[in-house]
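The values are calculated or read from the model by the stated rules, or taken from the named source; none is laboratory data. Fair warning: this is a prediction, and the values are worked out from it, not measured in the lab. As a convention, Cβ positions derive from the backbone with ideal geometry for all residues, glycine included, and neighbour counts pool all protein chains shown. Only protein heavy atoms, including side chains, enter the accessible area calculation; ligands, DNA and RNA are left aside. Shrake-Rupley method; radii C 1.70, N 1.55, O 1.52, S 1.80 Å.
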2 protein chains.
Amino acid sequence: MSVTAAKGFVASGVAAGIRPSGKPDLALVRSIPRAVGAAMWTTNRVQAAPITVSKRHLEAAQPQAVVINAGVANAATGARGEADAVATADGAAAQLGLPPDEVLVLSTGVIGAPLPVDKVLAGIRAAVLDLSPEGGGAAAGAILTTDSGPKLAVAAGPGFTVGGMAKGAGMIHPCLATMLVVITTDYPLRAEEVDGFLRPAVERTFNRISVDGDCSTNDAVILLANGASGAGRDDDAFRAALHDVCARLARQVVEDGEGCTVVLEVRVDGAASETDAVAIARRIATSPLVKTAAFGHDPNWGRVLMAAGSAPGADGFAALDTERLTVAFDGVPVFAAGAPTGDVPTLAGAVCRIDLDLGLGDGAAAYLASDLSYDYVRINAEYTT
Amino acid sequence: MSVTAAKGFVASGVAAGIRPSGKPDLALVRSIPRAVGAAMWTTNRVQAAPITVSKRHLEAAQPQAVVINAGVANAATGARGEADAVATADGAAAQLGLPPDEVLVLSTGVIGAPLPVDKVLAGIRAAVLDLSPEGGGAAAGAILTTDSGPKLAVAAGPGFTVGGMAKGAGMIHPCLATMLVVITTDYPLRAEEVDGFLRPAVERTFNRISVDGDCSTNDAVILLANGASGAGRDDDAFRAALHDVCARLARQVVEDGEGCTVVLEVRVDGAASETDAVAIARRIATSPLVKTAAFGHDPNWGRVLMAAGSAPGADGFAALDTERLTVAFDGVPVFAAGAPTGDVPTLAGAVCRIDLDLGLGDGAAAYLASDLSYDYVRINAEYTT
């Protein structure tokens, strides 16, 4: 079950009264044996207080526990917000018998509202009492906001397990790290190795998805490794399992994207470079015109060309030659050799696949995005600060 | 009346049968005295055939006439598309007694569909017979697609006039030039001067608006100057009149943006540089979360901070320090000195003004954008290739 699938991790999720709905809103994850960890944080210049505090802690110590609250993001809350994040970590550390800098804190929810610290501290006391090796599901349920359900993934390698949980449905756009994600493993890693495994996995999964092109102030992906499996080293297998967990969580975030009715799978091949391929895939995946067309089940390749042609590149725009470009919707070529093929595929499914081959080089990239629907507008027009 | 407000210009607009609706869809503008001209074109790597042909013509000669068709964009149409654009210019040139390279051609409408050249040529014959000094309104009406009505602006200086027409409601985002715009003036200019006046006016007007963040394949802004006023030189007055016409046409494009119910006026002051100010203003003006909040009349400054903090800048992100930043909605400060002020303004109007002062330097920029409404989604989910 998510973060407790790997050996030696306990977790819990409780209702601390932070969310007005009364739903579970405080999660705690802890490694029983000593763990090592790494994290990737939002690159937004406006960073939430828990991000600031957790970064400081991660620089000073190896993380043994993570406290996450939903309902209030504790972002743009000034000096009080930072004091509240410190109080949260201190409270959890005292209850868990850890130095405060071995606790990471994450928050998600409304920006600008103050954290109700008393409720958080009372919630932490309850969560500590609830910690169990079966608590991964409860933890994953307690970190949600507009999500329709928990996002979990588990992958196993020879003798070890990688498990993770994620939350995120809006303000989703790659900025090195996206959303709140906690991944645990009992695979044996040294402290200095964790980042080197986490970074490439995140780069090709969480950094290749978009719901609305907006980069949150609170995004974080945390990996804890405690070696409790007793398994031997098989780094390729671990890398594959970690990628698998990241990719499955990332896909769940898109599928649960605010108002999502169609998942766009954008694949770019034959670009002049990987940088160009990523830029073109991202530009297509974030274009409101492409996303509304997907919502309308319209194989509107003209909008795909428009987006591809305006993707930023090294010298202003990514390299593109319409004479060498082919575009396909759900495997049906619609544009080739500078002109329409005349084929009009029928798009009816919950997935819309858009493939571009630029015919220029070896650069390739894949991207996942939600469509842009009436419900996206409704959710975000009604959701108040 | 738009492009015929200045002396010495005639125009017309006719229904050539290109748009299935039977609405007017072909416009012709011509200077009677010899004119000089300049233009700014879309920077999208995918450029429509009429853009390619018009660029070539503008390099070879001074433009005397512009033919514009609506309904079909003649973009991504391969070699046939270019031949069709050439045939359009040739047909107009023959009817007007001009060399072909003195005619510019523009198209707007569906991408990927072939231009019905026979209808275009018949339309040109009718349009030439209709040319008149009162034809500016008819021309402005014949270049529309999803626009709700024509966009016109006229400004006068000492002894001269500047008039223009524009079309554009979707796929609107600054890429040096945006939408189709034709501006005429009877102010006396030499050929080599036109571009130097046009470029800064466009940079601060059409390049500072966004409907959907999507940059079209067909955008163009053309300025024709024929000196027919007989006025003396007053470059400051001309610059002001040209800016005025550009700014008023740009605002009309946003007000008529697809599904627009609220115009966002974003103003950034105190940025470290003008580049940063433009990047931050643009990022706010194109954020789906800010735009849906505007649609919901929600003074959601958290989303404004999120957007500002992720604006691209010289070293990754534009410079920003939340401790020095103030944000106001409709003049009411909502965030200052790193924390919320506690004020919650009521937003009810058709305009939502968002002011940021970064407190870092002298960089300033203004940006106009439409909100993101149900109707935006409806229009773009239903509008088929």
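Listing for the model above:
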quantity	calculated
Summed buried accessible surface, chains A and B, 1.4 Å probe, nearest 100 Å²	4300 Å²
With Cα atoms, 0 to 90° folded angle of helix A:78-96 axis to chain A main axis	60 degrees
Residue-averaged beta-carbon neighbours from other chains (10 angstrom radius) around A:293-302	5
0 to 90° range, to nearest 10: angle between helix B:235-255 axis and chain B longest Cα axis	80 degrees
Test item: A:235-247 mean partner chain Cβ contacts at 10 Å	0
Inter-probe distance in nm under a simple model that places probes 7 Å from Cα toward Cβ, at residue A:56 and residue A:375	4.1 nm
Long-range amide H partners of residue A:111 with built H, under 5 Å	A:73
Computed P(r) (all Cα pairs; the protein assembly as shown; 20 Å bins; percent)	17, 45, 28, 10, 1
Per residue accessible area in Å² of chain B, where ligands, DNA and RNA are left out and the probe is 1.4 Å	32 Å²
Fraction of accessible area attributable to carbon and sulfur, the range B:1-114 (%, probe 1.4 Å)	55 percent
Net length gained if the chain between residue B:337 and residue B:203 were fully extended (0.36 nm per residue, minus Cα distance)	45.0 nm
Using distinct alpha-carbon pairs, which all enter the 1/r mean, Kirkwood radius of chain A in Å	21.3 Å
Degrees separating the helix A:274-286 axis from the principal Cα axis of chain A, which is the longest one	90 degrees
Shortest-first nm distances, residue A:346 label point to equivalent points in other copies (7 Å, Cα→Cβ)	5.3
Backbone HN-Hα couplings from phi across the range B:371-382 [Karplus 6.51/-1.76/1.60, Hz, Gly and Pro as x]	7, 10, 10, 3, 5, 4, 5, 4, 4, 8, 7, 9
Candidates A:123, A:259, A:149: whichever shows maximal mean-square fluctuation once chain A is modelled as a Gaussian network with Cα springs under 10 Å	A:149
Highest average packing first - A:67-75, B:113-121, Cβ atoms within 10 Å	A:67-75, B:113-121
Per-pair calculated FRET efficiency, R0 = 45 Å: residue B:297 and residue A:80 via Cβ, rounded to 0.05	0.95
Choice from A:179, A:165, A:306 showing the highest fluctuation, given a GNM over chain A with Cα pairs closer than 10 Å	A:306
Computed FRET value (nearest 0.05) for residue A:21 with residue A:346, which takes r as the C-beta separation and R₀ as 41 Å	0.50
Members of B:23/B:119; A:23/A:151; B:55/B:119; A:55/A:151; A:55/B:291 lying beyond 21 Å, as alpha-carbon distances in this model show	B:55/B:119; A:55/A:151; A:55/B:291
Candidate aspartates and glutamates - alpha carbon under 16 Å from residue A:167, same-chain residues fewer than 8 apart omitted	A:25, A:147, A:212, A:214, A:219, A:255, A:256, A:258
Residues losing 10 Å² or more accessible surface upon assembly, the range A:46-74, compared with the chain by itself, 1.4 Å	A:46
Cβ-derived FRET efficiency at R0 25 Å, residue B:43 paired with residue B:190, nearest 0.05	0.40
